[in-house]
Amino acid sequence: MKKIVISTGGGDAPGLNAVIYAVVHSCTRRGWEVYGSRSGYGGFLDMDEMVRLTPRDVEEIYATGGTILGSTNKGNPFAKPVKNFAGEVQVVDMSETIMKNYRRMGFDCHIAIGGDGSLEIANRFSQLGMNVIGVPKTIDNDLLMTDRTFGFDTAVSTATNALDKLHSTAKSHDRVMVVEVMGRGSGWIALYSGISGGADVILIPEIAFDIDRVCEKIADNDLRDKDYSIVVVAEGAKAAGGQVISKGAGELGREEVVLGGIGEWVASEIRGRTEKDTRSLVLGHLQRGGSPTNFDRLLALRFGAAAVRMVEKGTYGHMVALVSSQMKAVPISEAIFERKKVDLNSDKMMTARDIGICFGD
Ligand code: F6P
């Protein structure tokens with residue numbers, strides 16, 4: 001009999017519940033017990049936040065968005081900012097308490113579902129002696145060592161649907177529509193949705209863009225009697241010599257700046273330089289919401305079941321990965337070494353250039 005705990009950390013992604021479903025069913029069939037820690041490591045710090053999960057508790061959740069366990073991206077237990085009575089912020093290391101409670105509760109393994117931030121934390125616990133298996137989640141698709149993270153396909157599908165809808169309104173008004181999509185420092189969502197969604201211009205963090213090149217592409221469209229243009233901008237894109245645009249630090253305990261604003265900047269530059277009617281919109285958290293696509297659902301179920309097989313084999317300190325269509329175990333440390341960037345020589349980039357998409361370079 002084994003006792004497994006699952007947590008979901010960082011920004012939510014469609015498919016989280018499908019992983020939980022697969023873990024609960026795979027473990028239960030083996031006669032093991034499963035617990036869920038609410039809000040990342042919440043259950044390791046407060047017993048009320050640790051919930052028993054049975055097949056009954058996860059009925060049909062594979063089809064739903066979000067996470068039944070809740071999540072947080074301001075919960076690094078190694079450096080948790082806590083306000084004291086005087087309102088001053090103190091940074092507290094909760095890792096010892098978490099390790100103590102992990103052992104006291106008698107867990108054999110922690111299945112940590114997360115992106116690079118959550119998996120980095122999980123890896124630190126692994127180094128402290130916790131048996132950890134990672135599951136790669138993020139709509140950004142920016143984890144190394146896995147061909148895909150779950151959540152990405154759904155985000156791309158949402159962004160592509162949005163682009164499809166924008167075409168008719170852009171065309172009716174002869175407008176330039178600038179769409180800002182998520183992805184942090186990687187352009188995966190922008191690239192995949194932009195190619196499939198008929199973008200004229202795609203701006204990604206991997207290529208510092210020249211706004212003049214962007215305006216030339218729009219002027220070229222006009223010359224060819226295509227009086228409207230669609231521009232997809234990744235939130236982490238920046239102009240050559242410029243800065244990434246952010247909204248600042250965000251909430252207390254959050255370790256990354258909140259990106260956003262590049263879409264409006266690009267739109268106002270285009271408006272000023274081309275005098276074309278230009279509008280911008282930010283797809284934002286729509287990309288994280290809703291039911292997982294079939295691809296994400298199946299991938300998440302496969303990841304969950306494979307993670308449990310890894311527990312059986314004792315492949316701790318590893319993350320389940322999709323490598324050439326197969327489930328593989330890869331060291332967590334290698335998956336989080338740095339963020340996976342778009343390969344500028346890939347066939348997707350070549351396809352985009354071949355069909356006339358401009359990257360602002
Ligand atoms: O990492 C997922 C992600 O959606 C990024 O694409 C985005 O920059 C960030 O999270 C937004 O975070 P929050 O939900 O805290 O605004």
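Working ranking of peptides 165-171, 148-154 by packing, defined as the average number of other Cβ atoms within 10 Å per residue, highest first, is 148-154, 165-171.
In this calculation the C-beta distance from Ala208 to Gln326 is compared with R0 = 41 Å, giving a FRET efficiency of 0.70. Sorting 136-142, 55-61, 126-132 by average packing, meaning the other beta carbons within 10 Å per residue, from highest down gives 136-142, 126-132, 55-61. Could you check what % of the DSSP bridge pairs in region 154-289 are antiparallel, to the nearest 5? Of the beta bridges lying entirely in region 154-289, close to 5 percent run antiparallel.
For the chain, the longest principal axis of the C-alpha atoms and the axis of helix 116-127 are separated by about 30°. Here the label points at Ser172 and Phe78, each 7 Å from Cα along the C-beta direction, are separated by 5.2 nm in the simple model.
Counting only alpha carbon atoms, the long axis of helix 262-274 and the longest principal axis of the chain meet at about 0°.
Take the Cα of Asn294, step 7 Å toward its Cβ, do the same at Gln90, and the gap between the two points is 5.6 nm. Comparing Cα centroids, region 111-127 and region 30-103 end up 13 angstrom apart. Over region 154-289, the hull volume per residue, using the convex hull of the C-alpha atoms, is 102 Å³. For the chain, averaging the sequence separation of C-alpha pairs within contact (under 8 Å, six or more residues apart) and dividing by the residue count gives a relative contact order of 22 percent.
Please work out the FRET efficiency for the pair Ala240 and Asn161, using the Cβ-Cβ distance as r and a Förster radius of 41 Å; give the result to the nearest 0.05. Rounded to the nearest 0.05, the efficiency is 0.85.
In this simple spin-label approximation, Leu252 and Arg353 carry label points 7 Å from Cα along the Cα→Cβ vector, and these lie 5.0 nm apart.
With all pairs of different alpha carbon atoms counted, what Kirkwood hydrodynamic radius in Å does the chain show? About 21.4 Å, per the Kirkwood formula over Cα pairs. Counted residue by residue at 0.36 nm each, then reduced by the alpha carbon distance between them, the extension gain from Glu59 to Arg309 reaches 87.9 nm.
Pairs with C-alpha atoms separated by more than 21 Å, drawn from the list Lys2/Lys74; Lys313/Lys340; Lys80/Lys100; Lys74/Lys247, are Lys2/Lys74; Lys313/Lys340. Taking the longest Cα principal axis of the chain as reference, the axis of helix 294-313 is set at about 30 degrees.
Bear in mind that the values in this text are calculations on the coordinates, not laboratory data. Bear in mind the structure is a predicted one, so any value in this text is a computation, not a measurement. Note that we place each Cβ from the backbone using ideal geometry, even for glycine, and neighbour counts take in every protein chain shown.
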